[in-house]
1. Does Asp231 satisfy being loosely packed, with under 13 Cβ neighbours inside 10 Å, in a helix (DSSP H, G or I) and not small (Gly, Ala, Ser)?
2. From the list Leu91, Leu78, pick out the single residue that is surrounded by fewer than 21 Cβ atoms within 10 Å (Cβ to Cβ), closer than 26 Å to Met238 by Cα and in contact (Cβ under 8 Å) with a residue 60 or more places away in the chain.
3. Identify, from the list Val89, Val181, Val149, Val155, the residue that is at pLDDT below 85 and not in a helix (DSSP H, G or I).
4. Please indicate, with yes or no, whether at least one residue in region 195-207 is within 21 Å of the chain's Cα centre (by Cα) and at pLDDT below 90.
5. Residue under question is Gly306, and the condition is that it be at pLDDT below 90, buried (at least 20 other Cβ atoms within 10 Å of the Cβ) and more than 23 Å from Phe72 (Cα to Cα); does it hold?
6. I need the full set of residues from region 10-31 which are surrounded by 14 or more Cβ atoms within 10 Å (Cβ to Cβ), of a type outside the set (Ser, Thr, Tyr) and under 24 Å from the mean Cα position of the chain (by Cα), in order please.
7. Quickly run through region 352-398 and pick out the residues that are of a type in the set (Lys, Arg) and outside any helix (DSSP H, G or I).
8. Going residue by residue through region 275-282, is there one that turns out to be under 27 Å from Ala105 (Cα atoms) and assigned to a helix (DSSP H, G or I)?
Amino acid sequence: MSALSLIAILLCFASVFGVINERALGLPPSIGLLIVTLLASFCVIGLDALFPGLALKIRAQEILGVGGLPDFLLNGALSFLLFAGALQVDLSALWSRKFTVSLLATVGVAIATVMFGLGVWLIFRLIGINTPLLWCLVLGAVLAPTDPVAISGIVGRLGLPKQMAAVLAGESLFNDGVAIVMFKVMFVLATNQQAPSSDAVVVEFAREIGLGLIIGGATGAIAYQMIRPLDQYGLEIMISLALAAGTFNLANALGASGPIAVAVSGLLIGGRATRYIMSETTRRNLRLFWSVIDDILNAVLFLLLGFEVLGLTFNLDAVACAILSIPLAIAVRGLSVIVPVFWLHYRNPNVWRGAAVLTWGGLRGGISVALALSIPQSTWRNDILLICYTVVVFTIIVQGLTLNRVIRRLAPSTPAQHGL
């Protein structure tokens, strides 16, 4: 099947399922689309069980190209999704919380990787599955990053204080790059390849993250100077497209973090170019264009997420591990937030309220699933996929739908900064 045919099929499904959600469920678009797609996937699984001769699961996977999610996200859509998300972030609010965001995106990711890995290793032992600890740490790295796609879809409609919205969005933009590096390191260790030394790991982190910041800043500055003398919104939008795709691919080619680079370049354009050098017409059209791009890619991504269930194999032990992993994921997220946040804001009496919102707002999404799917076939792959998928679906649907209640409960008695 050609790429154009696959795109046409995905857009048709996204449109039909979107209308079903809008008319029947009335849920936020991304969450509603995921739920409708999951229901359709389970119908296919049920029919396949009743009429195995039809081989519906296999046919559906072949038609939809479900296994292509890692490449679609990690090597394609992610650059545009991160850029669109960065354009929406208040740069001044983010800068005022730079230390909080930095610690959450680095120390928080490390804590989440190690603690979830240890916790899920104990769960496997409890159930009677002898999964190696290193593969559990791979799973910890997979589920460490919060998802900018899932979070950007809800931050705008929740009425969060500027600083809290900036922390949630900023963390999700930058922790992806850190988590991907962490995933690479853990995967090398788990597959018994030559184990890197601690110095090599530190150098790798510093190179990918530091070089990503430099590349993103440089390409963003070049685009800023290109846009400065212009007043043609079509050309300026084209420059922004080139910036998103070019920065991401340049960073990856140079061994830097593409997600971090494109996030920085997007912040520069969204925080400075739109404010100081773009006309009102250009600013409006640029934001509208990237909003449409964001909506379309979001719809396709959540559609693919919903269809990924077709590729899972279910057994009672693995399902039990997946269910027990949900409270573990919440507890680990809370710990990965509290340690860095409390260290910075221990004098603030509202720090626990802010930490609670950040904990419940730590949605996982397509990046985690794409990383899990990128693991080659092995004894542990299906269990890792099932746990990853269960946690991702729970955070998007349950936490995504109830986050507004958590905010309403905590925000009224909290200052504008929300303690963070």
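The values are calculated or read from the model by the stated rules, or taken from the named source; none is laboratory data. Computed from a prediction, not measured in an experiment: that's the story for all the values here. So basically every Cβ, Gly included, is an ideal-geometry build from the backbone, and we count neighbours across all protein chains shown.
1. The answer is no for Asp231.
2. Just one listed residue meets the conditions, Leu91.
3. One residue alone meets the criteria, Val89.
4. Within region 195-207, the subset within 21 Å of the chain's Cα centre (by Cα) is 205.
Among the residues that remain, those that are also at pLDDT below 90 are: 205.
The answer is yes; a qualifying residue exists.
5. Details: at pLDDT below 90: yes; buried (at least 20 other Cβ atoms within 10 Å of the Cβ): yes; more than 23 Å from Phe72 (Cα to Cα): no.
It is false that Gly306 is at pLDDT below 90, buried (at least 20 other Cβ atoms within 10 Å of the Cβ) and more than 23 Å from Phe72 (Cα to Cα).
6. Selection gives Leu10, Leu11, Phe13, Ala14, Phe17, Gly18, Asn21, Leu27, Pro28, Pro29, Ile31.
7. Result: Arg364, single match.
8. Yes - at least one qualifying residue is present in region 275-282.
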